[in-house]
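Derivation of every value follows stated rules applied to the coordinates shown; laboratory data play no part. In this text the structure is predicted, and so the values were computed from the model without any measurement. Ideal geometry is used to build each Cβ from the backbone, glycine not excepted, and the neighbour counts take in all protein chains shown.
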Amino acid sequence: MQGKTVLLVEDEAAIVDVVRRYLERDGYRVMVASDGQRAVDEFQRLRPDLVLLDLMLPGLDGWEVCRRIRQDGSTPVIMLTARDEEADKLIGLELGADDYITKPFSPREVVARVRAVLRRARGAEAVPGDVVRVHDLEIDPARVEAFRNGQALALTPTEFKLLFTLARHPGRVFTRLQLLDQVQGYAFEGYERTIDAHIKNIRQKLEPDPRKPRYILTVHRVGYRLAEDGRA
Ligand code: CA
């Protein structure tokens, strides 16, 4: 079995040691970058399958690293946040991170999240199901590509899966927890707001006017649905 490569971006040696040990034991190849600029360089050189990204780094901070990685494709990123602050997480997710883990964490949790995010990314390579056509959208699970009016939307795997889930059932209301379960394969209470950040990103790419969404509609206090008639 060829191990997946994880780029671990972290400047605290103690955390690097323990996370590396657990990931390697689980069969991953682990490369380490200890500051932000090196992280960007190593990312471009190594093309890892996943990036574990600490936010507080010397040089470029984690947000800037995430922004640069995102300009360069849809490699999954899991953020390691030092504080349990909602704002930190949401900024990370708005920059296109797939998930986050709050310190202090158990190394087992890190391994479980890495596995889940990679499974999700791999799943996105071929989401089971037929092409969905709704309004002027075309969503192709085999190619993991979505189009509006024939124009490709540059969605991350997580964003693709969310849009695909909503579009398969136009008009059906999904709660945040249901959507979280769909895209992550697990759902924890308290993480529902991550869905809002992903939806915001999708709207930026999908909606002609993201402030007045026509496709993905907010259902007050509940969640989201895809407009049934496209003229909402
Ligand atoms: Ca740090």
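List of remarks:
- Under 5 Å, built H, 5+ apart or other chain: amide partners of Val32: Leu8
- Close amide-amide hydrogen proximity is noted between Asp99 and Val77, Met79, each under 5 Å apart and 5 or more residues distant or on a separate chain (H modeled in the peptide plane; Pro and chain starts excluded).
- Remark: the stretch 97-105, residue by residue, has Karplus-estimated 3J(HN,Hα) of 5, 8, 6, 9, 10, 8, 6, x, 10 Hz, where x stands for each Gly or Pro and the curve is 6.51 cos²θ - 1.76 cosθ + 1.60 at θ = phi - 60°.
- Derived scalar couplings ³J(HN,Hα) [the stretch 8-14; Karplus, 6.51 cos²θ - 1.76 cosθ + 1.60; whole Hz; x for Gly, Pro]: 9, 9, 6, 9, 9, 4, 5
- Ranked by how many other Cβ atoms sit within 10 Å of their own Cβ, fewest first, the residues Asp61, Asp26 fall in the order Asp61, Asp26.
- For the stretch 5-121, the Rg and Dmax computed from alpha carbons only, in angstrom: 12.5, 33
- Here the chain is treated as a Stokes sphere of Kirkwood radius computed over C-alpha pairs; at 37 °C and 0.692 mPa s its diffusion coefficient rounds to 180 µm²/s.
- Per-residue extension of 0.36 nm, minus the Cα-Cα distance of Ser106 and Gln37, leaves a gain of 22.2 nm for this segment.
- For the stretch 16-76, the fraction of alpha-carbon pairs lying more than 20 Å apart is 24 percent, rounded to a whole number.
- Where Cα atoms sit under 24 Å apart: lysine pairs in the chain separated by 8 or more or lying on different chains: 10
- Shape of the stretch 132-226, Cα gyration tensor, a/c cut at 1.5: prolate
- Charged-residue dipole, Cβ positions (Lys, Arg, Asp, Glu), the stretch 132-226 about Cα centre, Debye nearest 20: 280
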